[in-house]
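The values are calculated or read from the model by the stated rules, or taken from the named source; none is laboratory data. Computed from a predicted structure; not experimentally measured. Note that we place each Cβ from the backbone using ideal geometry, even for glycine, and neighbour counts take in every protein chain shown. Side chains are part of the model used for accessible areas, which takes the heavy atoms of the whole protein and leaves out ligands, DNA and RNA. Shrake-Rupley method; radii C 1.70, N 1.55, O 1.52, S 1.80 Å.
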Amino acid sequence: MRSTIHNQRRRNTIMSTADAPSGKPRETDDVPVPATLRKSLKNRHIQLIALGGAIGTGLFYGSSESIALAGPSILLAYLIGGLAIFMIVRALSEMSVEDPKAGAFSYYATRYWSKRAGFISGWNYWFNYILVSMVELAVVGSFVNYWFPAIPTWVSAAVFLVLITAANLLGVSKFGEFEFWFAIIKIVAVIAMIIGGLAVIVFALPTASGIKASFANWFTVGGGFFPHGLMGQAKDGSWTGLLMALVVVMFSFGGTELIGITAGETEDPRTTIPRATNDIIWRILVFYIGALGVIMAVVPWNTIGGDDTPSPFVQIFDSVGIHAAAGILNFVCLTAVMSVYNSGLYANSRMLYSLAKQGNAPAYLGRLNAHGVPVAGVLTSAVITAIAVVVVFVWPEFAFNYLMSIATIAGIINWTMIMFTEMKFRKVVAAGNAPEDSALAGLSGQKALDAIHFKLPFARVTPWVVLAFLALVVVLMCFSASYRVAVIAGVIWLAILFVAYQLTQARK
């Protein structure tokens with residue numbers, strides 16, 4: 001979902017625990033979430049929302065960048081990064097199943113960690129999705145111009161902003177339907193590419209490169225499976241290799257945590273959330289590793305990308321003479337962009353709703369309309385997004401160099417806080433202070449931990465392993481000129497959030 005960020009980039013610390021509770025959440029940090037949100041999302045909605053979150057324009061276009069960095073070994077990068085994301089979502093889902101509430105990680109950070117942690121987690125995620133939505137709406141015009149070049153890009157952005165905002169006001173079931181069909185389009189496109197590529201390999205169809213399509217090309221073309229090793233420096237001074245590709249790969253998975261946001265409006269979270277979460281790993285295997293593996297078997301990896309055919313999906317069909325692929329992919333990417341803004345607006349409105357209930361945002365953001373939608377949160381997020389899109393059109397260099405740096409590092413901040421919050425959650429559960437409406441109520445100690453319905457695997461060590469991996473990703477970002485500014489922006493951004501929290505508390 002975050003892939004458009006990386007396409008634009010081609011052109012151009014952890015929370016303090018001073019105020020954390022020691023096992024028991026403070027009463028002032030409890031978050032009373034009314035039952036007025038409609039639990040209308042069905043299993044098929046959640047399954048496809050989760051799948052759509054893992055498939056975006058990053059796979060269709062951004063994968064060219066990661067392939068250039070690591071060659072065929074990018075498959076390992078997606079496997080490693082996918083495993084890390086799987087554990088992050090498992091940690092979030094462990095809490096979502098026991099305590100399904102709107103706002104997900106912000107609510108959990110407030111209840112099980114501290115009000116400050118909830119403030120930082122919630123506003124970080126909200127602003128992150130504002131910036132991601134900003135980019136998606138700013139580039140939607142380029143997809144529309146493929147067919148209608150006379151339409152100004154700002155008109156396309158305005159039309160889609162109004163349409164998606166209106167759809168979000170109709171109710172969560174309508175949001176689920178939109179995301180369901182958006183995801184179906186992306187899934188069909190990827191499966192068609194995989195089947196088409198396999199047909200080229202099996203029937204030995206001729207390709208434009210003149211090289212026979214074969215999985216052996218992973219090891220025989222352009223320096224083999226590890227053409228740039230784990231990490232190395234190119235002639236232009238830039239760093240390449242498997243490790244550097246991890247940075248691009250991780251941000252391609254941004255959006256999978258949306259599963260946790262939906263828990264508060266899911267008909268049967270105890271059954272649906274675990275199923276959707278466990279399916280993430282095979283989706284990554286099929287849709288990322290499978291798709292890119294087939295592409296690199298048909299198209300030599302060192303010829304993928306470039307200004308003429310920036311998408312490997314277009315190249316694989318062009319290589320066998322199917323030239324309509326560019327138009328088809330343009331339609332798929334247009335729906336992917338609409339999907340990102342649709343899910344971003346949904347997530348942001350629920351995040352503002354939760355922040356308002358925590359006392360970390362103005363109370364008016366907690367109001368619901370007749371459809372059980374936090375209408376103030378939807379409209380406020382839409383207006384701020386519109387302002388951000390104007391910034392892109394007026395000051396594109398500022399927007400992509402600085403604002404998007406915050407969006408890039410905000411994902412790392414969010415994932416980091418999820419892992420710390422999960423550990424806090426387990427301490428609270430062990431202390432006998434599980435949610436009253438949870439099956440864990442009345443239990444304590446190891447008995448309570450054993451009763452958790454959807455446990456994070458190897459919960460004593462997994463959070464620390466994931467945190468170490470995320471720290472490695474931040475270190476690797478410092479080796480890239482385009483990502484280094486994101487690390488600096490991340491430190492400044494965290495400081496701004498800390499100060500903002502202190503100011504709001506002082507005013508109260």
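Counting only helices (runs of 4 or more DSSP H) that fall entirely inside the stretch 60-113 and contain at least 3 residues that are closer than 22 Å to residue 479 by Cβ, the qualifying elements are 63-70, 74-98.
In the stretch 26-63, the qualifying residues are those that are surrounded by fewer than 23 Cβ atoms within 10 Å (Cβ to Cβ) and among the hydroxyl-bearing types (Ser, Thr, Tyr), and the one that is modelled with the lowest pLDDT is 28. If you go through the stretch 387-412 and keep only what is over 17 Å from residue 348 (Cα atoms), under 19 Å from the mean Cα position of the chain (by Cα) and at pLDDT 85 or above, you end up with 409, 412. Among the residues of the stretch 459-470, some residue qualifies, meaning at least one is of a type in the set (Val, Ile, Thr) and under 19 Å from residue 109 (Cα atoms).
For the stretch 222-269, taking the residues that are open to solvent by 20 Å² or more (accessible area, probe 1.4 Å) and aliphatic (A, V, I, L, M), the one that is farthest from residue 176 (Cα to Cα) is identified as 234. Among the candidates 138, 213, 208, the residue that is surrounded by 15 or more Cβ atoms within 10 Å (Cβ to Cβ), part of a loop (DSSP other than H, G, I, E, B) and either in contact with a Ser or Thr (Cβ under 8 Å, 6 or more places away or on another chain) or acidic (Asp, Glu) (or both) is uniquely 213. The residue of the stretch 386-399 that is most open to solvent (accessible area, probe 1.4 Å), among those that are among the aromatic types (Phe, Trp, Tyr) and closer than 17 Å to residue 153 by Cα, is 395. Taking the stretch 361-377 as the range and being over 22 Å from residue 160 (Cα atoms), outside any helix (DSSP H, G or I) and open to solvent by less than 10 Å² (accessible area, probe 1.4 Å) as the test, only 372 passes. Every residue in the stretch 265-286 that is farther than 25 Å from residue 373 by Cα and touching a Leu at 6+ places or on another chain (Cβ under 7 Å), please. If the condition is that a residue be farther than 25 Å from residue 373 by Cα and touching a Leu at 6+ places or on another chain (Cβ under 7 Å), then 283 is the only one that fits. Restricting attention to the stretch 488-505, the residues that are open to solvent by less than 30 Å² (accessible area, probe 1.4 Å) and over 11 Å from residue 116 (Cβ atoms) add up to 4. Of the residues making up the stretch 413-436, those that are open to solvent by less than 10 Å² (accessible area, probe 1.4 Å) and either modelled with pLDDT of 90 or more or aromatic (Phe, Trp, Tyr) (or both) are 414, 415, 417, 418, 419, 421, 422, 425, 428, 429. Condition (residue is buried (at least 20 other Cβ atoms within 10 Å of the Cβ) and over 30 Å from residue 371 (Cβ atoms)) applied to the stretch 168-189: is it met by at least one residue? Looking through the stretch 168-189, at least one residue is buried (at least 20 other Cβ atoms within 10 Å of the Cβ) and over 30 Å from residue 371 (Cβ atoms). Do you know which of the residues in the stretch 272-281 that are of a type outside the set (Val, Ile, Thr) and under 17 Å from the mean Cα position of the chain (by Cα) is most open to solvent (accessible area, probe 1.4 Å)? Per the criteria, the residue is 278.
Scanning the stretch 141-178 for residues that are outside any helix (DSSP H, G or I) and among the small types (Gly, Ala, Ser) returns 150, 171.
In a residue-by-residue description of the stretch 293-312, the property of being hydrophobic (A, V, I, L, M, F, W, C), closer than 20 Å to residue 255 by Cβ and open to solvent by less than 10 Å² (accessible area, probe 1.4 Å) applies to no position. When the helices (runs of 4 or more DSSP H) confined to the stretch 236-320 are screened for residues that are out of contact with any helix residue (DSSP H, G or I) (no Cβ under 8 Å at 6 or more places or on another chain), those reaching at least 2 such residues are found at 269-283.
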